[in-house]
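Participant: Structure in structure tokens, see below.
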């Protein structure tokens with residue numbers, strides 16, 4: 001099947017059936033409100049089985065009880081990180097940790113993250129409320145049991161707190177483009193606040209269908225890349241409520257349920273998509289009242305609120321206040337020279353993604369899964385899906401504005417007219433997607449959706465230019481190279497492909513560099529030794545590789561000054577074979593010479609092994625690790641920060657990795673880069689990190705028989 005641009009019109013019967021499927025997945029009949037349920041009774045309904053890598057397999061009689069167990073094990077593994085995140089969601093972090101966090105506390109309030117959670121919780125179906133409350137109660141039970149060991153700021157929470165935290169992370173950290181506010185200036189707290197830019201978010205994912213796999217069953221590879229700390233920590237879990245749900249996978253800490261994972265029949269993964277869901281509107285202020293603005297020739301009032309936070313200072317706790325204003329577009333975040341700037345987001349009020357992920361875990365087939373996608377509650381993220389029938393699906397998922405045509409949406413938007421205002425999002429049927437395309441694969445590594453499958457390119461001209469940038473990065477090109485080069489793929493091959501250490505950039509430019517440098521001396525530096533090292537190098541960032549350090553050093557120097565960077569730049573007519581060649585001969589030679597001098601000074605050698613200076617350090621663990629970042633065309637993504645001893649320590653990149661084949665039952669492997677827990681006293685603080693550093697996997701046990709055979713301990717919360 002070729003690219004789907006507009007889903008064919010569904011008849012009424014189909015709509016009714018799909019709506020009925022969602023209701024059935026939700027299981028409304030299984031819940032009755034009972035907020036005063038005794039927690040001891042609830043705990044007795046949960047059995048936690050930790051396997052030999054510390055992964056919790058939670059067996060419960062209800063979803064509320066399963067969520068209770070989930071909240072408890074999350075606290076066991078990451079209580080201090082989660083407690084800080086709940087403070088952030090309540091805008092209380094600066095009250096405990098000082099001035100450094102005041103701006104982000106104000107930003108969270110200004111963007112109504114907690115208020116939106118309160119309003120959303122009140123509108124939620126009772127069964128979803130029970131899941132949020134159950135998770136909070138399980139977390140609270142751990143806090144209560146360990147009160148004397150925990151700091152005062154680790155406080156009990158409610159289901160609303162859990163939802164507020166989820167909103168702050170998914171909406172504020174991931175989906176909102178706050179950089180455009182920063183570009184307008186830092187006068188507003190929201191404009192100043194931004195997640196750490198060093199930790200680039202990304203991911204890889206594959207879904208292989210029956211025409212591509214050896215078994216004829218679907219195979220899924222999930223591989224998110226995030227920072228190895230704070231709100232971006234993944235926590236592996238297996239949740240089972242007999243007859244209701246049986247899901248294994250991961251979610252970010254502090255959130256109930258599974259956001260990437262698999263059940264008996266199907267699975268899915270996410271990658272961050274390059275999207276534009278927000279706009280900044282320039283308001284023309286009323287000359288008689290700068291808290292009113294002109295819209296279609298008429299003045300409209302702004303809503304005024306007074307925000308306050310507590311801030312810890314050397315003099316004690318002080319109260320900070322600020323005035324906040326909102327327009328009908330959204331919050332007003334900057335004032336300048338008779339203008340004000342309002343932020344309009346398609347996601348600022350969204351709260352239903354916990355519910356949608358829950359329904360995705362209960363889907364039994366492709367049709368049920370697609371029916372859940374119709375909710376469009378998850379603000380962003382590409383989706384790749386595979387199932388036991390051998391189906392595959394890709395969708396550029398999210399909530400994206402249906403913007404009026406004929407206007408350049410790249411910059412600040414005039415806000416004095418209704419002609420530039422959007423009031424709805426694009427329906428799922430108008431989002432780029434593929435189902436069972438030629439070649440039976442879909443993949444994404446954060447590039448544009450058009451290049452999901454080289455045999456079924458999606459025509460970008462059928463979509464709004466503002467939907468997503470037109471890019472196809474080297475990492476995606478390496479992904480496509482592996483897939484296109486293997487006509488019949490097994491699960492074992494997927495396990496090997498994931499740890500491909502190749503740097504595609506080297507394939508594209510190294511030959512040019514060697515040709516230029518051979519027999520040359522530049523600035524008094526003989527380049528022949530560098531040529532010999534690079535010629536012998538296998539173009540990988542593997543642990544034992546010698547040459548990658550020199551190549552990385554060269555490229556970082558070259559890219560700063562080279563004009564143009566490539567001889568042949570990227571061209572959408574050749575999306576998987578460009579760019580290539582070095583574009584600046586003189587700069588290339590000078591950069592290589594500078595890299596040689598630096599390497600000689602630092603390491604006294606040009607043939608330094610990659611793993612000799614690139615390390616995975618956690619507690620007492622200090623081991624070599626392979627991998628590099630996106631710009632080098634790496635599929636194994638690892639980002640580093642220099643440590644005090646001059647070596648480079650892994651800090652972000654590959655986080656949770658999953659590979660599953662939909663046999664009966666599923667055959668699954670996984671690994672978490674930073675292991676299951678952040679408790680240094682636990683044997684599961686580094687055990688998976690050792691596997692990860694060696695490019696190895698552990699089994700993700702799924703059946704009761706396998707859980708029993710690989711059981712470390714079993715207990716109630």
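The values are calculated or read from the model by the stated rules, or taken from the named source; none is laboratory data. Note that the structure is predicted; figures quoted are calculated from it, not measured. When we count neighbours, we look across all protein chains shown, and the Cβ atoms used for this are built from the backbone with ideal geometry, even at glycine.
Participant: Could you list, in sequence order, the residues of the stretch 434-451 that are under 21 Å from residue 202 (Cβ atoms) and not in a loop (DSSP other than H, G, I, E, B)?
Facilitator: Hits for the stretch 434-451 are 434, 441, 442, 443, 444, 449, 450, 451.
Participant: Let me ask another. For the stretch 667-693, how many residues meet the condition of being without any contact (Cβ under 8 Å) to a residue 40 or more places away in the chain and part of a loop (DSSP other than H, G, I, E, B)?
Facilitator: 1
Participant: Is the stretch 653-663 home to any residue that is surrounded by fewer than 16 Cβ atoms within 10 Å (Cβ to Cβ) and either touching a residue at least 24 places away in the same chain (Cβ under 8 Å) or not assigned by TED's automatic domain parsing to the domain that holds residue 579 (or both)?
Facilitator: yes
Participant: In this structure, is residue 481 out of contact with any helix residue (DSSP H, G or I) (no Cβ under 9 Å at 6 or more places or on another chain), at pLDDT 95 or above and surrounded by 16 or more Cβ atoms within 10 Å (Cβ to Cβ)?
Facilitator: no
Participant: Restricting to the stretch 173-217, and then to whatever is under 15 Å from the mean Cα position of the chain (by Cα) and within 24 Å of residue 454 (Cα to Cα), can you tell me which residue is modelled with the lowest pLDDT?
Facilitator: 202
Participant: Now for a separate question. Which residue, of 533, 494, is touching a helix residue (DSSP H, G or I) at 6+ places or on another chain (Cβ under 7 Å), buried (at least 16 other Cβ atoms within 10 Å of the Cβ) and in contact (Cβ under 8 Å) with a residue 40 or more places away in the chain?
Facilitator: Criteria check complete, one pass: 533.
Participant: Could you tell me whether any residue of the stretch 686-693 is at pLDDT 95 or above, out of contact with any strand residue (DSSP E or B) (no Cβ under 8 Å at 6 or more places or on another chain) and surrounded by 14 or more Cβ atoms within 10 Å (Cβ to Cβ)?
Facilitator: Looking through the stretch 686-693, at least one residue is at pLDDT 95 or above, out of contact with any strand residue (DSSP E or B) (no Cβ under 8 Å at 6 or more places or on another chain) and surrounded by 14 or more Cβ atoms within 10 Å (Cβ to Cβ).
Participant: Related question: Go through (1) under 21 Å from the mean Cα position of the chain (by Cα); (2) within 19 Å of residue 584 (Cβ to Cβ) for residue 511 and report which single condition fails.
Facilitator: (1)
Participant: Of all residues in the stretch 534-561, which are under 30 Å from the mean Cα position of the chain (by Cα), assigned to a loop (DSSP other than H, G, I, E, B) and farther than 18 Å from residue 516 by Cβ?
Facilitator: 541, 542, 543, 544, 545
Participant: Output the residues belonging to the stretch 316-342 that are part of a loop (DSSP other than H, G, I, E, B) and modelled with pLDDT under 95.
Facilitator: Matches in the stretch 316-342: 337, 338.
Participant: Give the residues of the stretch 438-459 that are out of contact with any strand residue (DSSP E or B) (no Cβ under 8 Å at 6 or more places or on another chain) and touching a residue at least 24 places away in the same chain (Cβ under 8 Å), sorted by residue number.
Facilitator: Correct list: 438, 439, 447, 448, 450, 451, 454, 457, 459.
Participant: Of the residues that make up the stretch 506-523, is at least one in a loop (DSSP other than H, G, I, E, B), at pLDDT 95 or above and within 25 Å of residue 574 (Cα to Cα)?
Facilitator: Checked the stretch 506-523: no residue is in a loop (DSSP other than H, G, I, E, B), at pLDDT 95 or above and within 25 Å of residue 574 (Cα to Cα).
Participant: Now for a separate question. Quickly run through the stretch 707-717 and pick out the residues that are surrounded by 15 or more Cβ atoms within 10 Å (Cβ to Cβ) and farther than 19 Å from residue 250 by Cα.
Facilitator: The answer is 710, 717.
Participant: Before we move on, is residue 408 under 21 Å from residue 171 (Cβ atoms) and surrounded by fewer than 20 Cβ atoms within 10 Å (Cβ to Cβ)?
Facilitator: The answer is no for residue 408.
Participant: Return only the number of the condition from (1) within 29 Å of residue 168 (Cβ to Cβ); (2) assigned to a loop (DSSP other than H, G, I, E, B); (3) at pLDDT 95 or above that residue 390 does not satisfy.
Facilitator: It is condition (1) that residue 390 fails.
Participant: For the stretch 462-478, enumerate the residues that are buried (at least 20 other Cβ atoms within 10 Å of the Cβ) and part of a helix (DSSP H, G or I).
Facilitator: 474, 475, 476, 477, 478
Participant: Among the listed residues 80, 85, which satisfies the condition of being out of contact with any helix residue (DSSP H, G or I) (no Cβ under 9 Å at 6 or more places or on another chain) and under 29 Å from residue 676 (Cα atoms)?
Facilitator: Unique residue meeting the criteria: 80.
Participant: May I pose another question? Got a sec? Which of 226, 239 is at pLDDT 95 or above, farther than 29 Å from residue 108 by Cα and not in a loop (DSSP other than H, G, I, E, B)?
Facilitator: Being at pLDDT 95 or above, farther than 29 Å from residue 108 by Cα and not in a loop (DSSP other than H, G, I, E, B) holds for just one of 226, 239, which is 239.
Participant: Out of the stretch 243-261, which residues are touching a residue at least 40 places away in the same chain (Cβ under 8 Å) and part of a loop (DSSP other than H, G, I, E, B)?
Facilitator: Within the stretch 243-261, 244, 253, 254, 255, 256, 257, 258, 259 meet the criteria.
Participant: Something else now. Determine whether the stretch 343-353 contains at least one residue that is assigned to a loop (DSSP other than H, G, I, E, B), surrounded by fewer than 16 Cβ atoms within 10 Å (Cβ to Cβ) and touching a residue at least 24 places away in the same chain (Cβ under 8 Å).
Facilitator: yes
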